[in-house]
Structures are given as C-alpha cells and as structure tokens.
1. Give Lys10/Lys99; Lys5/Lys54; Lys99/Lys163 a once-over and call out the pairs whose C-alpha atoms are over 26 Å from each other.
2. If r is the Cβ-Cβ distance from Val110 to Cys191 and R0 is 30 Å, what FRET efficiency results, to the nearest 0.05?
3. Take peptides 272-282, 217-227, 8-18 and line them up by average Cβ neighbours within 10 Å, highest first, as a rough protection proxy.
4. Would you mind ranking Glu237, Glu206 so that the residue whose beta carbon has the fewest other beta carbons within 10 Å leads the list?
5. Helix-derived [θ] at 222 nm for the chain: sum -39500 (n - 2.57) over DSSP H runs of at least 4, divide by residue count, nearest 500?
6. So which of Lys111/Lys147; Lys111/Lys151; Lys57/Lys142 end up more than 23 Å apart, counting from Cα to Cα?
7. If R₀ is 51 angstrom, what is the calculated FRET efficiency for the pair His228 and Ile271, using the beta carbon separation as r and rounding to 0.05?
8. Calculate the spin-label point distance for Ala171 paired with Arg119, positioning each point 7 Å from the Cα along the beta-carbon direction, and give it in nanometres.
Amino acid sequence: MLTYKEILDKYLNYFEKNGHAIIPSAPLVPENDPSVLFVNAGMFPLVPFLQGQKHSKGSRLVDGQRCLRTGDIEEVGDESHCTTFIMLGNWSLNDYFKKEAINYTIEFFVKELGLDINRIYASVFGGEEDIPKDTESIEIWKELFAKYGIKAEVGDRIQEYGKNKNWWGLASGGPCGPDSEIFYDTGKPKCGDHCHINCNCGKYIEIGNNVFMQYLNKDNKLQPLGRHNVDFGGGLERITALVQGVSNFYDTDIYKPILDKVKELSKEENITSQRIIADHIKAATWIVMDGVIPGRNQQGYILRI
Ligand code: SER
C-alpha cells in the first residue's frame, strides 16, 4: 500500500520527469499577502508568476503545498472534511496548455497511482456570458478516454457546468479561468436519478482540477491575462484515501495513528469528536511549524481556539 508520503513523492517525481522543477511548500502563513490568514490553495504563493513575473526555476513547476481552510470547519468530523491538507500542484507558466495538462493528470492517476480509468469522469466549462464553452477540453477528454477504449460522451463521462462549478480564481481576484475537474466514482450507489458528478452525496469525489488561467479578475471585471497558464490542484488527503481503499481521511496512514491515540485516551466513544480532535492536532502542529504561537489575534487566535 502506498503511504501518504509515497504518493506525494511519486507526484513530485512524475512531474520532475516531465520537465517540472520541484519547489518547496511555501509557509502556511502568507509571506506577502495579508488578504488571508493562511495559504488556502496551492497556487496562492505563485500569483505573481501566474501574472508574468519570471520564476527562477523556469516555466514548469511542481510542489505539495500545505494549506489550511476554516471555511467548512463545522463539517470537520464527518468522513471527508479536514482543515489542513496538502494540495498537489503543478503549473505551466505560459508553457504547455490544456492537452498536456489533462494528459499528465490522467497518466499520473492511472499509470502511477493505479486508479481505474473506468471510474474517472470529467467536468468542463460549458460557457457563460461572453466566455465560450471549452470545446477544446471536451475534444481532449474524448481523445484521451478513447486511448483507453472508452467512448466518452458529453452528458455522461464528460459533463458541462457554468461558472459556479467550472471557473476558478482567488476570491480576492487575480489570475483565473475556466477549469476542468476530475472525479472518481467511489462505487457507492447513486442517491437518485438526478445524481451527477458534482453531487454532494459521496458517490463521486473530486480528485483534481486543471485551471486554465487566461483571464485576470480586476475589480470584478474580467480581462485577458495575455498568458496561457495551467494551475493544477489535487487534495492529497482525498487521493490517499482512494489509493488506500478507505472510505474516509481518518483511516489513512496520515491520520490513523493520531486518531488511534485519541481513542486510547478518550473516556467515551464519540467518533465525530475524536476525528475533530485528530484534525485539530494536525492543524495546530502545522501552524506551530511556521512559528505561530497562541495569541489574541490573527493566526495566533486561530491556533488558540
Ligand atoms: N487553484 C485550484 C483549486 O484550488 C486548482 O489548483 O482548485
């Protein structure tokens, strides 16, 4: 069984083999941007480079970025929410574009991790307002699935959504664009006739997202960025659960030892509370790793509570 760390190493090595320079995870506390307390997406530290600043390591980069999100903290304790995660990320800074990006992602999932192509589904941007439908990605997906002997149709294996699902950029603005997400069928039954790949019932899990960053969101107005970047992100905790064949994060090798210890020390059996404690121990450790100490405001306050 591949461990969390082995999956991360496989990802970095696969992209390095394909011309990407491995860059270290940036600190969890943003270095030059006070708009958020913690880095919450793999691309966050790369914004200047996605906007055109030259990166010293070149135009193809890969990393595993530590991220912290408190937006859905109330959901932590169920099977699929946690506050800290590593986001696997690979970037093309005005280098390759859609075809290479989608093919790299699937080759990594299928050939390197052994995920089953028959259980993979894709979403693409279906067009909205003045931004056209991403027909190029649809053709790329069809061709790719055909290589594996799968006849992929729009409306089935490939599904179209609008900006609410298939558009990505930071809330504060900056580089953004249509995206194409990758979903994995967990094998659970559909929740009903209307179940679809973006349904929250747990049948399909999103395992990665290629954002095609060709636009700049400035003061809530879109303008061409003048560059064709790719920003891939995939949650390592989720991917690890699938690769390890377990139904939730807390049974993967990154959480299980913490959860086992929490269970051993608990006076009563309450799995939700035990998972919350395991999650918060991991989050607090990551925050402390970046030099934050408990305090009354900013990052220190999050650590304290
Ligand atoms: N930035 C995109 C996301 O967070 C892809 O990395 O989904």
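1. Working: Lys10/Lys99 22 Å; Lys5/Lys54 30 Å; Lys99/Lys163 21 Å.
Distance filter (> 26 Å) returns Lys5/Lys54.
2. Details: r = 27 Å, r/R0 = 0.89.
FRET efficiency, Val110 to Cys191: 0.65.
3. Values: 272-282: 18.5, 217-227: 12.0, 8-18: 16.5.
Top of the packing list down: 272-282, 8-18, 217-227.
4. Values: Glu237 21, Glu206 17.
Lowest to highest Cβ neighbour count: Glu206, Glu237.
5. Details: 8 runs with 85 residues, N = 305.
Theoretical 222 nm ellipticity from helices: -8500 deg cm²/dmol.
6. Values: Lys111/Lys147 13 Å; Lys111/Lys151 20 Å; Lys57/Lys142 33 Å.
Going by Cα-Cα distance, Lys57/Lys142 fall outside the 23 Å limit.
7. On the way: r = 46 Å, r/R0 = 0.91.
Plugging the Cβ-Cβ distance into 1/(1 + (r/R0)^6) gives 0.65.
8. According to this spin-label approximation, the distance is 3.3 nm.
All of the numbers you see were taken from the coordinates with simple rules; none came from a lab. If you're wondering where the values come from, they're calculated on a predicted model, not measured in any experiment. Note: ideal-geometry Cβ built from the backbone for every residue, glycine included; neighbour counts use all protein chains shown.
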